[in-house]
Amino acid sequence: MGNLVAIVGRPNVGKSTLFNRLTKTRQAIVNDEAGTTRDRQYGKVEWIGQEFSVVDTGGWVVNSDDIFEEEIRKQVILAIEEADVILFVVDVMNGVTDLDLQVASILRRSKIPVIVVANKADNNDLYYTSAEFYSLGLGDPYCISAVSGSGTGDLLDLVVSKFPKKVEESVEEEIPRFAVVGRPNAGKSSIVNAFIGEERNIVTEIAGTTRDSIYTRYEKFGFDFYLVDTAGIRKKNKVVEDLEFYSVMRSIRAIENSDVCILMLDATRGVEGQDLNIFSLINRNQKGLVVVVNKWDLVEEKSDKVMKEFANAIRERFAPFVDFPIIFASALTKQRIFKVLEAAKEVYQNRTTRISTARLNEEMLPLIEAYPPPSNKGKYIKIKYCTQLPNTRVPSFVFFANLPQYVKEPYKRFLENKMREKWNLTGTPINLYIRQK
Ligand code: GDP
Ligand code: GDP
């Protein structure tokens, strides 16, 4: 189960610099991330074989100089609720400020591990001044220089050592895990209630974790799957619900622990920035996707034409990934509720699709021959063979070429589109690699 680290602190202490430093190595490898989530909001870190997510609470404020104390307070409260470890960044060049003391007083009341990160300790003299941060009452300040990177390796060791020892939940591997995600008021709790209904006996909470269990088994009407983090959906926090990054923070854990995400949109509001952020999280984690246009009961004109326009508008916003089911539903009247589950089930199956090498080559090679990759500087590019990689999270394919470096993004997209025409890959991301042969 993924751990989540939140970076908190007042503006200009170096949160964003630290975030970039921690996530850099990983992002250099994963450079094909589409989407709109600004990079400083959410990133992944891999350290001594452990992968975890980092969130920079400052990343949601456009101009961090204008940030209000109240807003920082809310962010810290949310970070405490959602994160496993908090990095409280302070600035050794400035010393302790009033705002630092306020943040510290909130953090002292929480039970999760907090590391005081004394940043901008660029030289030894500054190291010594960091002692004043003991007064925050949160233990030893940990000196780093986010700009130069000094101290960040040891800091990562410390972070990893503080992750809670989690009791493994006994989830059965072959049973799909669905997460219902979306921004506040999209109808997440309502649809979960519609699935589960009053019949409590079909819901089994799985015990055994330090937090609320995040998996709920659903077994009815021919469906058998886990709903991820339904407790998190029902437990609402009015203090922070209006914050822009609330829905993202809340979604991370559910998304990371799922196979397929059911993204709830509000038909009366269309696609907004927060929806795109969550979509981007789903994409970056390579999860399956079903989009639900909820509150369809409130839409007056429900013609096919209106639906088509709606669907096109959604796909336009989510491009280049456009091959996913869109279900027009109402959690309130329960219209098409089971269609949503059927779609999620289908996407799950698509995500585990295996295409035999023989069929793959039979279908793709004639096409590639008819429409070869454009030649580059007079050199012809030939793709001779393709195959699906075994044991990957999502269907992943390798195309072997004489000059792989010249096969560009548009051609890869062409191959992907053709594959999506030929096989049912709806709702699942796929990976295409071009390698040397
Ligand atoms: P945030 O508002 O907390 O996210 O702070 P930023 O990461 O934007 O950094 C604020 C300023 O401090 C920028 O000018 C950074 O270059 C600078 N800064 C960040 N880390 C360090 C550091 O380790 N040493 C020094 N000297 N400057 C730093
Ligand atoms: P959440 O914050 O995403 O969990 O959203 P809720 O499930 O709490 O729903 C937010 C509000 O929208 C509540 O007042 C619901 O009654 C209402 N709502 C949810 N789904 C529907 C729907 O399909 N139709 C209508 N008319 N209202 C809905």
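Laboratory data are not the source of any read-out in this text; all were calculated from the coordinates shown. These figures come from a predicted structure and were not determined experimentally. We place every Cβ from the backbone using ideal geometry, glycine too, and count neighbours over all the protein chains shown.
Just a few scattered comments:
- Here, region 230-362 has an Rg and a Dmax of 16.2, 58 Å when only alpha carbons are counted.
- Along the chain, longest interval not containing exposed chymotrypsin sites (Phe, Trp or Tyr not before Pro), exposed being DSSP loop plus at most 13 other Cβ atoms within 10 Å: 222-379
- Efficiency of FRET between Ser105 and Arg354 - r from beta-carbon atoms, R0 51 angstrom, step 0.05: 0.40
- Centroid-to-centroid separation of region 360-378 and region 121-181 [C-alpha atoms, Å]: 48
- Expressed as a fraction of 2.2 N^0.38 Å, the value expected for a compact globular protein of N residues, the C-alpha radius of gyration of region 318-437 is 1.27.
- Here's the picture: a label point sits 7 Å out from the Cα of Tyr371 along the beta-carbon direction, and within region 378-410 the residues with their amide nitrogen under 12 Å of it are 410.
- Beta bridges by DSSP in the chain, antiparallel share as percent, to the nearest 5: 35
- Relative to its Kirkwood radius, the Cα radius of gyration of region 76-188 gives an Rg/Rh of 1.10.
- Counted by neighbouring Cβ atoms within 10 Å, the residues Met419, Met307, Met264 run from fewest to most as Met307, Met419, Met264.
- Exposure proxy ranking, count of Cβ atoms within 10 Å, fewest first, for Cys386, Cys261: Cys386, Cys261
- Set of lysines with alpha-carbon distance to Lys345 below 21 Å, sequence-local pairs under 8 removed: Lys188, Lys220, Lys287, Lys334, Lys422
- Using a cut-off of 23 Å between Cα atoms, the listed pairs Lys44/Lys408; Lys408/Lys437; Lys302/Lys339; Lys295/Lys418; Lys44/Lys165 include Lys44/Lys408; Lys295/Lys418 as exceeding that distance.
- Per-q log10 I(q)/I(0), the chain, q = 0.13 Å⁻¹ (Debye; single scatterer per alpha-carbon; no solvent): -1.19
- Estimated purely from DSSP H runs of n ≥ 4, each contributing -39500 (n - 2.57), the mean residue ellipticity at 222 nm for the chain is -10500 deg cm²/dmol once divided by its residues.
- Here Arg393 and Met93 are evaluated by their C-beta separation; at R0 = 41 Å the FRET efficiency comes out at 0.40.
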